[in-house]
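Read the structure below first, then the notes.
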Amino acid sequence: MEMPAAGPGAACRGQATQGKRSLTSTGELICWYRSIAAMMHEIVSPTTRHRPLTIAEAEACVAGSARRICECELAEGLFMIDQSGPFDLSEPQLAQAVEEKTFHRAQPYVREFTHRLRSGHTIGGRVAGPHGVYTVSLRIEGKDLRPSCSCTTDETFCKHVVALGLTYLEEPQTFYDLRTLTAELEQFPPHKLVSLIVQMATCYPQILGVLGVEGFEEEEEEDDDDDDDELDEEDEDDFEDDEELDDEDDELEDEEEEPAGGLDVEAIYEEADILLDEFQEDLKSRGIAREDRARYDEVLQVFVDDYLAAYGVGKLTDMNRDEIDTYVRDYLVERERMPRRRLAGTKQVLAFFYTFLCERGHMSAEKAEPIIHYCQP
């Protein structure tokens, strides 16, 4: 994730590799600490390598940090002050950056973010989705918006980034400003700041990489690059032998991906956009929690994007019990290897959705009820 440069902190990190030295400047320690703090909202667990912290781990980290700050006699409570400097973001900017359907699908995630953070011209946070907790950030560079999200979508500017921006516009005071912490820390002697840094580095050794200590850099990506280079060399050696087979495979894929009967994929998306928005409004009117609404929406989007449209199966209202069974057994179980618990949750969402379609008259009871009975536990 791209985070803003920490000003003089960059110089500190560069000097760290030039040998041992004494850190006696409070300002220098502050910029080191600020560099660490800037990455804390995306830090990974030391016991699980490169995956993000679980909610329990994050809470433990926050609790531990709060305790150590109190030991250093910082003022109690969150150091929330007016955000320093403007953060020039508007709702029209976000709406123009994405398609209308993406903007609407961001709504269930608005105000659902934890670990809300602002550092200069960047805001960040975490939000729970059906496949885990996503780390999201949005940076303003001049008139451009630079999004980043750890979700699996192929979109550069996903609904989670839009939701983060909308959350900031609605509740800017809830975003913790790192400059606030910097101002507090500048009042304390160097030995207490050193103590905090040592404790953080002991719990999360990868922090030492931020401080420029050799041997603690992330190496996984480099290994992957080396593997990719080896594979590329092998591919070049075998290219001539496989060229004819690849052409045949491409022809077969084209035949498989071509919608049967000239089905209009745009029609699948057009209907889905309308029905999914109606479904969200219905869930909201029933008092369903925002987090659950977001989970339902994502499950249905996967159904539409990865199955109905990708394979030209048909529209949501064209489905019957056998089609749903094929999706569950052949796609989710055989192809995606979906765990049993997630599979049960997906079927439950489908049951809720087709109950809604039946109640609203979008499908007849004769077609919808077999689907509902199949999907219910």
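We did not get these values from a lab; they are worked out from the coordinates using the rules stated. Model, not experiment: these values are computed from the prediction. Cβ: placed from backbone, ideal geometry, glycine included. Neighbour counts: every protein chain shown.
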Take the Cβ-Cβ distance between residue 288 and residue 365 as r, set R0 to 22 Å, and report the resulting FRET efficiency rounded to the nearest 0.05. 0.45
For the residue pair residue 343 and residue 373, what label-to-label distance in nm results when each label sits 7 Å from Cα along the Cα-to-beta-carbon direction? 2.2
Quick one: grab Rg to one decimal and Dmax as a whole number for segment 281-377, Cα atoms only, in Å. 13.0, 36
Please give, to one decimal in nm, the separation of the simple spin-label points placed at residue 194 and residue 326, each 7 Å out from Cα toward the Cβ. 7.0
Given just the C-alpha atoms of segment 91-134, how large is their convex hull per residue in cubic angstrom? 93
Under a no-solvent Debye model with one identical scatterer per Cα of segment 102-161, what's log10 I(q)/I(0) at q = 0.13, 0.17, 0.18 Å⁻¹? -0.31, -0.54, -0.61
Compute the distance in nm between two label points, each set 7 Å from the Cα along the Cα-to-Cβ direction, one at residue 335 and one at residue 88. 4.6
Starting from the Cα gyration tensor of segment 265-311, take the square roots of the eigenvalues, sort them a ≥ b ≥ c, and report rounded, prolate or oblate (rounded when a/c is under 1.5, otherwise prolate if a/b is larger than b/c, else oblate). oblate
Could you order peptides 272-279, 161-168 by the average number of other Cβ atoms within 10 Å of their residues, highest first? 161-168, 272-279
Here D for segment 132-182, in µm²/s, from Stokes-Einstein with a Kirkwood Rh over Cα pairs at 4 °C and 1.567 mPa s, works out to 106
Net length gained if the chain between residue 100 and residue 173 were fully extended (0.36 nm per residue, minus Cα distance): 23.5 nm
Which FRET efficiency, nearest 0.05, do residue 270 and residue 217 yield, Cβ-Cβ r, R0 56 Å? 0.70
